[in-house]
Amino acid sequence: MHYRLANEADILQLVNMRLNYLAEDYGGLTDEQTSAIRAQLREYFTKHLNRDLSVYVCEDQAEIVATVFLLITEKPANPAFITGLTGTILNVYTLPHYRNRGIAGNLMRMAVSDAESKNLSYLELYATKAGYNLYRKLGFVPFEPKNTYMRYQINHEKESDN
């Protein structure tokens, strides 16, 4: 097993890992969804990888078997994020036959260490039931914002309510 930061040569595998994650998380994807998401992801990774998106990977014989995405956002500072930099952890995903080996924990520690070295004010994530205990062990805590999370859905025909 080899742990490292992803690069442009990994984009096809990153697209496939993201699609695997989404299919599992959403209980499957239609062919139309898969095609649209695949096209957007190729462009997205080309534009963002190793700029405001770091992807930590574990590979086994040149095959990526696990990922952790760290999306860094810069916004006007306030008391909750003094540096103006925050991070969102996404796509913590390990292929099923590689699970329960500590791989996701190792990748998460890499992401947290990188976030600390980049002076981010905090990291956030949405924990699945499967990942909750890992995140708690790493120091993540449930957070209740003082304001209510809301959103306005723009592309109603193309996106689900999730």
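Quick notes on this structure:
- Cross-chain or 6+ apart pairs with Cβ under 7 Å, the stretch 17-42 first and touching a residue at least 12 places away in the same chain (Cβ under 8 Å), then β-branched (V, I, T) and part of a helix (DSSP H, G or I): L19/T34; L19/I37; L22/I37; R38/V15; L41/V15; R42/I11; R42/V15
- Considering only residues in the stretch 75-95 that are among the small types (G, A, S) and surrounded by fewer than 17 Cβ atoms within 10 Å (Cβ to Cβ), the one that is nearest to L49 (Cα to Cα) turns out to be G84.
- Condition check for Y98: surrounded by 12 or more Cβ atoms within 10 Å (Cβ to Cβ), over 17 Å from T128 (Cα atoms) and modelled with pLDDT of 95 or more: yes
- Criterion violated by F81 - all others in (1) in contact with a strand residue (DSSP E or B) (Cβ under 7 Å, 6 or more places away or on another chain); (2) aromatic (F, W, Y); (3) at pLDDT 95 or above satisfied: (3)
- For the stretch 140-158, the criterion of being in contact with a Gly (Cβ under 7 Å, 6 or more places away or on another chain) and either surrounded by 15 or more Cβ atoms within 10 Å (Cβ to Cβ) or in contact (Cβ under 8 Å) with a residue 40 or more places away in the chain (or both) is met by none of the residues.
- Among (1) loosely packed, with under 14 Cβ neighbours inside 10 Å; (2) modelled with pLDDT of 95 or more; (3) not basic (K, R), the one test that L53 misses: (1)
- Close Cβ contacts (under 6 Å, 6 or more residues apart or on different chains) running from residues in the stretch 87-102 that are at positive phi to residues that are surrounded by fewer than 22 Cβ atoms within 10 Å (Cβ to Cβ) and of a type in the set (F, W, Y) comprise N91/Y21.
- Options N106, N20; residue that is surrounded by 15 or more Cβ atoms within 10 Å (Cβ to Cβ), closer than 20 Å to L138 by Cβ and not β-branched (V, I, T): N106
- Taken over the stretch 72-93, residues that are under 21 Å from M108 (Cβ atoms) and not β-branched (V, I, T) amount to 6.
- Output for the stretch 56-74, where each listed residue is crowded, with 16+ Cβ neighbours inside 10 Å and among the β-branched types (V, I, T): V57, I64, V65, T67, V68, I72
- Y56 being under 30 Å from E144 (Cβ atoms) and out of contact with any strand residue (DSSP E or B) (no Cβ under 8 Å at 6 or more places or on another chain): no
The values are calculated or read from the model by the stated rules, or taken from the named source; none is laboratory data. Quantities reported herein were computed from a predicted structural model and do not represent experimental measurements. Don't worry about glycine lacking a Cβ; one is built from the backbone with ideal geometry, like all the others, and counts go over all protein chains shown.
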